[in-house]
Amino acid sequence: MAAGKTPMRLPPLKVLRVRNPNQKETNPCLNVMSSVLACWASAGYNTAGCAAVEQALRTCMDGPQPPPKRRNTINYHLSRMQKQIGGPRKQTGSKA
């Protein structure tokens with residue numbers, strides 16, 4: 001540390017927690033479906049004009065499902081470490 005500087009102290013926290021560690025994956029067929037809807041909107045549901053895009057959507061929807069992702073365990077491990085990380089707490093009661 002540099003001379004004359006004090007270390008930064010964090011305020012006491014009730015719980016160590018990461019917000020939303022498990023983000024949802026977007027559906028891989030979502031882009032193809034939006035292309036189908038855009039084609040239908042521009043062509044007025046013309047099966048001849050949108051057949052290739054519709055077939056691509058069917059292929060995507062009938063394909064194998066990706067394996068489920070494992071849930072993030074960061075909050076579990078932070079809760080285990082809370083006792084070691086917790087800093088000084090305010091004392092309750094009066095000083096006599």
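Nothing in this text is a laboratory measurement; each read-out follows from the coordinates by a stated rule. Quick caveat, the model's predicted, so the values are computed rather than measured. Here Cβ is always computed from backbone atoms with ideal geometry, including for glycine, and neighbour counts include all displayed protein chains.
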In sequence order, calculated HN-Hα J values of region 54-69 (Karplus, 6.51, -1.76, 1.60; Hz; x Gly/Pro): 5, 5, 5, 5, 4, 4, 5, 5, 8, x, x, 6, x, x, x, 7
17 Å cut-off, amide nitrogen to a point 7 angstrom out along Ser42 Cα→Cβ, residues in region 53-69: 53-57
Table column - 3J(HN,Hα) (Hz), region 70-77, Karplus curve with 6.51, -1.76, 1.60, x for Gly and Pro: 6, 6, 6, 9, 4, 5, 4, 5
Cα→Cβ-extended label distance, 7 Å offset, between Arg70 and Asn27, nm: 2.8
